[in-house]
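I have placed the structure first, in the form of structure tokens, so that the comments after it can refer back to it.
Read-outs: derived from the displayed coordinates by stated rules, not from any lab. Quick caveat, the model's predicted, so the values are computed rather than measured. Cβ coordinates were reconstructed from backbone atoms using ideal geometry, including for glycine residues, and neighbour counts include every protein chain displayed.
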Amino acid sequence: MATQSPFFGKRDREAENLTSRPAPLMGSSTNLSGTPVSPSTLTTQAANAVASSALPKEGGSKLTVGPNIKLKGVEITDCDTLVVEGLVEATMDSRVMQIAEQGAFKGSAEIDIAEIRGLFDGNLTVREKLVIHSTGKVTGKIRYGKIVVEEGGQLSGEISFGTSPSSAAKPALQAAAA
């Protein structure tokens, strides 16, 4: 017989608890612990709540591969941000890749922005900016638009500026066509 996980419906129960609390009377504002709160504090809190709910969520679709997780033999698509804290062996095309200090990525990736604190091994094309932190190690065939390497960061392999082999020839072809 299947049993329901205690986590399913948890958010619904939490929302019910929040909405079932009685509203404070006008002029007698208190926080959750019963401490009086000034009207200016309430206004600031309300403005912050509205501002935070109006902002779009950071990064859109996000995949986090947690510590001690191994994700092998996959193609990752339609992912705005990949956060690697475990091991990923894959091919991917994404906007942002963040490899944590204990994380590792092996395979092929085309990324707008890559921030490496752990290990990357394979083919890496970074269209905009590659940042290798002091604990980061990047090996393989690397192409980049801009690069920042902190002291202690390691970079080895076939390294080239530009995101395609013919990127240097493109401006000349465009000028000749004009």
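Key figures for this structure:
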{"read-out": "Scaled radius of gyration (Cα, divided by 2.2 N^0.38 Å) that the stretch 61-168 gives", "value": "0.96"}
{"read-out": "Potential extension, ASP121-GLU150 segment - 0.36 nm per residue separation minus Cα distance", "value": "8.6 nm"}
{"read-out": "Cleavage-rule hits, GluC sites (Glu not before Pro), the stretch 74-168, DSSP coil, Cβ neighbours within 10 Å at most 13", "value": "GLU101, GLU150, GLU151"}
